[in-house]
Amino acid sequence: MRSAKDFFAPLAVGAPPPPREIPWRPSRMIHFFDPSNEKMAAKLPQIIPRVDVLLGNLEDGVRADNKIVARENLIKIVDGADFGETQFWIRLNSLDSPWGLDDLLTLVPAIGENLDVVMVPKVQGAEDIHYVDRLLAQLEAKAGLSRPVLVHAILETARGVANVEEICAASPRMQGLSLGPADLAADRRMKTTRVGGGHPGYLVRQDPRPDDPAAVRATFQQDPWHYTLARMVDACAANGIMPYYGPFGDIADVLACEDQFRNAFLLGCVGAWSLHPVQIDIAKKVFSPEPADVEWAKRVVAAMGDGTGAVMVDGTMQDDASVKQCRVILTLATRLAA
Ligand code: GLV
Ligand code: MG
């Protein structure tokens, strides 16, 4: 394993850029916990083996008068934890809060060897990532960490959405991006009060029937997050990093949660946040390819031989491009099975 220093060693003039060495690891659910909540912390030994990523949250959701205790508890929790294959991430306080800098200064030296990814909220542009990147480089060097801490940004401001491409490209540490629908809704002056999901008022109504203008007209609810999610997925794919849905706040509505997560999966996302244990299995199911889709993909790949040309499979035309889609599904299934 290359050291953090090697990973970010300055390039000699004319040298090719270093290969991205962010190893693929499953991250179907990023499971949030509040380190200042002792009851939640006590359940972690049961939670850790069930999740791909465990995240200690220091930002929104943690009371202002608990910020320091959350940070201190986090160090104790990590000290005594057995993470096995599970990744450990933290969500920093925002860079314009009184706590964001101290979160990094305290936690990287204390838990850096266990820290896979730092999630940075309310990222506005590349400058926020550069700031965190430079601090991490210093803190890693000082602590002598053996591998770089990666960075994940939350897309939750209008400026952040406008700058999404430069955010993705801002550092080789960039691991991925999550949609932050609650803060984004507020920043955009949307008129919703939910955390993710749809709204019954955001709909399209069927046109009137010319032969019966008084007939009841059906309405179809629309997804207010489609635009941002699609934009985020494109920016991530273009920069080789991973997109995530983010939070779904209506814990009791498991059906709608599954639908939102599935839309995100179909559009290209690799995972979502789980805010409650009930959302862990939803994310695991949704962000793993369906066995029937894997079988179909295998049939198409087999039928296409060297992957070029066109064939008919069960009455559908398959060609070079459909084979590529099938390989996306097969690669994910193989990686998750490994
Ligand atoms: C998440 O942080 C959100 O604001 O939705
Ligand atoms: Mg937020």
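No value in this document is a laboratory result; all are computed from the given coordinates. These figures come from a predicted structure and were not determined experimentally. Here the Cβ positions follow ideal geometry from the backbone for every residue, glycine too, while neighbour counts run over all protein chains shown.
Observations, loosely collected:
- Per residue, the chain reaches -12000 deg cm²/dmol at 222 nm when only DSSP H runs of four or more residues are counted, each adding -39500 (n - 2.57).
- Alpha-carbon centroid distance for the pair the range 291-333 / the range 108-155, whole angstrom: 39 Å
- If the chain linking residue 143 and residue 256 were pulled fully straight, counting 0.36 nm for each residue of separation and taking away their Cα-Cα distance, it would gain 36.3 nm.
- Near residue 310: Cβ cut-off under 13 Å, other residues only, Lys/Arg at +1 and Asp/Glu at -1. The net charge is -3.
- Mean separation of Cα contacts under 8 Å (6+ apart) over length of the chain, as relative contact order %: 14 percent
- Net lengthening on full extension, residue 42/residue 217 (0.36 nm per residue, minus Cα-Cα): 57.8 nm
- Shape call, the range 221-305: gyration tensor on alpha carbons, a/c limit 1.5: oblate
- Debye-formula intensities of the chain, expressed as log10 I(q)/I(0) at q = 0.10, 0.13, 0.15 Å⁻¹, are -0.66, -1.05, -1.33 (one equal scatterer per alpha-carbon, no solvent).
- For residue 297, neighbours were defined as the other residues whose beta-carbon sits under 15 Å from its Cβ, and their charges (Lys and Arg +1, Asp and Glu -1) total -1.
- Pairs spanning more than 32 Å between alpha-carbon atoms, out of 76/142; 67/142; 76/191; 191/324: 76/191; 191/324.
- Placing unit charges on each Cβ (+1 for Lys and Arg, -1 for Asp and Glu) gives the chain a dipole about its Cα centre, and among 337, 149, 107 the Cα reaching farthest toward its positive end belongs to 107.
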